[in-house]
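A.B. asks: Below you will find the structure I want to go over with you.
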Amino acid sequence: MQLQNKTAIITGISKGIGKATALQLLDKGCKVAGLGMTAPDYNHPNLLFIKCDIRKWEEVEPAFEKVKARFGDELHILLNNAGLGYFGLLEDTPLEQWHEMFDTNVSGMFYCCKLALPQMKKQQYGHIINIASTAALEGMPQVSAYCATKWAVKGLSESLFREVRDFRVKVTCLYPGSTKTDFFRNSPGIKPHEYMLMPEDVALNIIQALEMPDNFHTVNLEIRPLLPKGPKS
Ligand SMILES: NC(=O)c1ccc[n+]([C@@H]2O[C@H](COP(=O)([O-])OP(=O)(O)OC[C@H]3O[C@@H](n4cnc5c(N)ncnc54)[C@H](OP(=O)(O)O)[C@@H]3O)[C@@H](O)[C@H]2O)c1
């Protein structure tokens with residue numbers, strides 16, 4: 001896809017991978033609508049921020065209408081990025097954290113896909129990128145609740161890819177390993193460090209997937225730091 005003048009919706013653009021991708025898409029000439037709770041600390045004539053809690057259908061639906069009002073009906077890219085994780089033993093995980101993770105990581109993604117697809121199918125063109133995690137590929141102790149949400153993202157993405165490919169809509173699921181962002185704020189045992197993936201590099205990978213020719217479809221992208229703990233001494 002040529003990115004110049006295309007319209008993209010990104011969930012969560014205040015920081016981390018969403019921010020890095022928004023900035024790179026803006027550089028490429030895209031019109032970017034960011035749906036999130038915190039306004040971004042950057043600005044651009046082609047950036048529209050819409051305050052929206054993606055856990056709430058009643059906020060997501062009007063947010064898509066606002067994007068249409070500003071950028072027109074056509075929608076080419078949806079990056080389902082917003083997400084969060086809490087970690088710990090399953091029996092110690094508060095119900096509120098379980099629901100917050102599922103509402104954000106899974107329901108928010110479902111809502112955005114549901115709202116983006118009619119237009120993408122109508123125009124026979126579009127690319128949805130869903131951010132899962134390597135936690136969607138293997139179970140891990142103390143990560144059961146977060147893993148469950150990301151396995152759901154994997155299932156949604158792989159099924160949706162088969163539902164919409166004949167409409168020329170691509171669905172890519174991204175499985176990043178540890179990335180140096182604010183994500184680890186709820187994980188006191190892990191401090192972000194230089195050997196993690198950088199959000200800008202994850203964003204570059206997203207841009208590359210978007211820029212591939214129309215008949216080239218990246219279904220799954222597993223990306224990991226080469227030396228996650230640094231060189232062995
Ligand atoms: N960092 C990692 O190691 C890693 C690895 C694999 C996968 N991931 C996934 O990558 C994605 C991005 O994470 P990140 O590392 O960039 O984390 P981050 O720096 O914490 O950013 C998360 C983003 O999600 C948004 N968000 C959270 N809850 C929201 C809600 N209810 N409504 C709207 N936006 C919401 C936040 O926006 P607001 O500030 O507006 O709330 C923020 O911009 C997540 O899906 C995460 O699970 C991260």
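The values are calculated or read from the model by the stated rules, or taken from the named source; none is laboratory data. For clarity, every value in this text was computed on a predicted model and none was experimentally measured. When we count neighbours, we look across all protein chains shown, and the Cβ atoms used for this are built from the backbone with ideal geometry, even at glycine.
A.B. asks: Please give the number of the condition LYS232 fails out of (1) farther than 14 Å from SER133 by Cα; (2) at pLDDT 95 or above; (3) assigned to a loop (DSSP other than H, G, I, E, B).
C.D. replies: Of everything listed in (1) farther than 14 Å from SER133 by Cα; (2) at pLDDT 95 or above; (3) assigned to a loop (DSSP other than H, G, I, E, B), LYS232 misses just condition (2).
A.B. asks: For segment 200-229, which positions are touching a residue at least 60 places away in the same chain (Cβ under 8 Å), over 21 Å from LYS154 (Cα atoms) and either in contact with an Asp or Glu (Cβ under 8 Å, 6 or more places away or on another chain) or in a loop (DSSP other than H, G, I, E, B) (or both)?
C.D. replies: MET212, ASP214
A.B. asks: Moving on to the next point. Within the set of pairs 6 or more residues apart or between chains, which connect a residue that is farther than 15 Å from GLY12 by Cβ inside segment 95-115 to a residue that is assigned to a helix (DSSP H, G or I) and aromatic (Phe, Trp, Tyr) with Cβ atoms less than 6 Å apart?
C.D. replies: LEU115/PHE64
A.B. asks: Separate question: Exactly one condition in (1) assigned to a loop (DSSP other than H, G, I, E, B); (2) within 11 Å of the ligand (Cβ to nearest atom) is not met by TYR175; state its number.
C.D. replies: (1)
A.B. asks: Within segment 71-80, identify whether any single residue is more than 22 Å from ILE206 (Cα to Cα) and without any contact (Cβ under 8 Å) to a residue 24 or more places away in the chain, and answer yes or no.
C.D. replies: no
A.B. asks: Here is a follow-up. Look through GLY139, GLY155 and report the one residue that is assigned to a helix (DSSP H, G or I) and surrounded by fewer than 18 Cβ atoms within 10 Å (Cβ to Cβ).
C.D. replies: GLY155 is the lone residue from the list that is assigned to a helix (DSSP H, G or I) and surrounded by fewer than 18 Cβ atoms within 10 Å (Cβ to Cβ).
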